[in-house]
Amino acid sequence: MLATQPFDDDHPHEECGVFGIFGHPDAAALAALGLHALQHRGQEAAGIVTYDGEQFHAHRAMGHVGENFSSKDVIGRLSGHSAIGHVRYATTGEVAMRNVQPLFADFEFGGLAICHNGNLTNSYKLRQQLVRRGSLFQSTSDTEVIVHLIATSLKLSVEERMVDALRQVEGAYSLAALSQEGLIAVRDPLGVRPLVLGKLGDAWIVASETCALDIIGAQFLRDVEPGEMIVAGPEGLRSSRPFDHARKRLCIFEYIYFARPDSMVDGVSVYETRKRIGAELARESHVPADIVIPVPDSGVPAALGYAAEAKLPFELGIIRNHYVGRTFIEPTDQIRNLGVKLKHNANRAHIQGKRVILVDDSIVRGTTSTKIVAMVRQAGAREVHMRISSPPTMNSCFYGIATPEREKLLASHMSIEEMGKFIGADSLAFVSIDGLYRALGEPKRNAKTPQFCDACFTGDYPIPLVDHEAGRVSTQLSLLTETV
Ligand code: SF4
């Protein structure tokens, strides 16, 4: 068993990251760097497809970007002035090479590579319809549904076919595609997943987050708007709004945990937002204490905000080992239970005899929190008060974030008090939903027209859960198993 089994660290998992570039002689190398900056969004597999004016070139592999795209040979083979790339954490479709993106297909209009961050909520239904009409699927990924819808569209141009295809899908998607004409990027009508537009010299770039622009010194131009299609080609950039207008519902969890703290998401600093959530937490639920300690790394900005607001010292009371590899073998249950200690260790000198405020971003199943609280106690803490910079996670995500089924979420079947006892803390508090919205500059959550997707906290799903409500399971559709 691998240490990176889904949810082994008891966080919701990042979904995927996309990158696209048009008009640069080093397109593949820049795509590899961009994907490296987006590695936190998916660590299972990575892929890049380039186009050199005559041919498409692809390299896809299981593992990290650095492991697979650092050699001159690989980058040299990916010739061309345009590229798209993808890092993947499987949310739909099992982990296998055939699901690694970008996917590529030859159509009657030419070749098209496509990659996608998000999750389609009616992909199973569409897939069944397509299979009945004769489509032969090569992967179990929901992105391939888009490929087949493009193939079966009767529209003429690749752009029209993509719009035709995307009008049939429900769900969250920020996608990048590469055709012989250029780079195409689309963000779903509600803008659930982020996507930004940038420029490097004369080259156009799209990426899931601004940190992928920063790494290559590209200029951030703006966010791709919800429902916007962007086409970058030899004539420059074109933008259109081919979908019905909908109210924006960006995933609020991007600010809490998924996005990198140095990214700007929809014009808002992720790092500053996390600090403001920490300050809200301190205002809402402070108890007398001596120090504030983050659960690293994701709890750090919120803990900084908490400590500043509560006027308490901030200490790195838990040290994270950054070298726990993804292939660390845990051969027995006993050893597996040591998992958290592989990653975290208490900084005893700063904990002994103290009343500790421990700040983390979320509690999913409660396994990590339980171990961390016990570890801080063993290091001599007098009291341990857990503060969480999100409201209780009570519902699963169907829009591209890997979360366990609802029943496995601690908050779905326990009160906050029960959860506090379960993890062994002296007290437990979560930021309120309005506190979270305040940290994002809103007076409060607008119950009638919420400003963000917050369904994992509120159960208010902005996009119909077509497959889920019909009891369809959108994974494991193939009879083929594959060794990777
Ligand atoms: Fe984000 Fe939660 Fe909405 Fe999923 S359900 S998109 S994690 S806010």
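Using heavy atoms of the protein chains and a probe of 1.4 Å, the accessible area assigned to ARG161 is about 10 Å². The alpha carbon gyration tensor of the stretch 195-252 gives principal lengths a ≥ b ≥ c with a/c of 1.5 or higher and a/b no greater than b/c, which makes the shape oblate.
Among the lysines, which have Cα under 21 Å from the Cα of LYS275 when same-chain residues fewer than 8 positions away are ignored? Those lysines meeting the cut-off are LYS311, LYS444. Measuring nothing but protein heavy atoms, the accessible surface of the stretch 167-206 at 1.4 Å probe radius is 41 percent carbon and sulfur.
Compared with the dominant Cα axis of the chain, that is its longest principal axis, helix 270-285 is turned about 30°. Rounded to whole Å, the principal axis extents of the Cα atoms in the stretch 119-230 read 48, 27, 23, largest first.
By the gyration tensor of its Cα atoms, with a ≥ b ≥ c the square roots of the eigenvalues, what is the shape of the stretch 398-448: rounded for a/c under 1.5, prolate for a/b over b/c, or oblate? Note, shape of the stretch 398-448 comes out oblate.
Shown are LEU166, LEU304, LEU316, whose ranking by accessible area with a 1.4 Å probe and every protein chain present, most to least, is LEU316, LEU304, LEU166.
Once C-alpha pairs closer than 8 Å and six or more residues apart are averaged by separation and normalised to the residue number of the chain, the relative contact order reads 16 percent. The protection proxy used here, the mean number of other Cβ atoms lying within 10 Å of each residue, ranks peptides 293-302, 365-374 as follows, highest first: 293-302, 365-374. Shape of the stretch 2-249 from the C-alpha gyration tensor: rounded (a/c under 1.5, with a ≥ b ≥ c the square roots of its eigenvalues).
For the stretch 158-174 and the stretch 15-51, what is the separation of their Cα centres, given in Å? Value for the Cα centre distance between the two parts: 22 Å. At the residue level, VAL186 shows approximately 0 square angstrom of accessible surface with a 1.4 angstrom probe and all protein chains present.
Helix 300-310 and the long axis of the chain differ in direction by around 40°, with both axes built from C-alpha atoms. Take every Cα pair under 8 Å whose residues are at least 6 apart in sequence, average their separation, divide by the length of the stretch 269-444, and the relative contact order is 23 percent. For the pair LYS311 and VAL74, the difference between a 0.36 nm per residue extended length and the Cα-Cα distance amounts to 80.1 nm. With a cut-off of 14 Å on the backbone N, the residues of the stretch 165-184 near the modelled label site 7 Å out from ARG472 along Cα-Cβ are 168-171. Derived scalar couplings between HN and Hα for the stretch 455-472 equal 4, 5, 9, 10, x, 8, 7, x, 10, x, 9, 4, 5, 4, 5, 8, x, 8 Hz in order, rounded to whole Hz, by the Karplus curve 6.51 cos²θ - 1.76 cosθ + 1.60 (θ = phi - 60°), x for Gly and Pro. Which angle from 0 to 90°, rounded to the nearest 10, does the C-alpha axis of helix 367-378 make with the longest principal axis of the chain? Helix 367-378 sits at roughly 30 degrees to that axis. Sketch the reach of a paramagnetic label on SER239 as a point 7 Å from Cα along Cα-to-Cβ, and name the residues of the stretch 179-200 whose backbone nitrogen lies under 11 Å away. Correct set: 197-198. The residues of the stretch 2-249 present an accessible area of 36 Å² per residue when probed at 1.4 Å with all protein chains retained. Taking all protein chains together and a 1.4 Å probe, the residues ARG98, ARG241 rank ARG241, ARG98 from largest to smallest accessible area. Based on the Stokes-Einstein relation at 25 °C and a viscosity of 0.890 mPa s, and on the Kirkwood radius from alpha carbon pairs, the chain is assigned a translational diffusion coefficient of 106 µm²/s.
The values are calculated or read from the model by the stated rules, or taken from the named source; none is laboratory data. Keep in mind that this is a model prediction, so the values were computed, not measured. Every residue, glycine as well, gets a Cβ built from its backbone with ideal geometry; the counts of neighbours run over all protein chains shown. The area values use the complete protein model at the heavy-atom level, side chains included, leaving out ligands, DNA and RNA. Shrake-Rupley method; radii C 1.70, N 1.55, O 1.52, S 1.80 Å.
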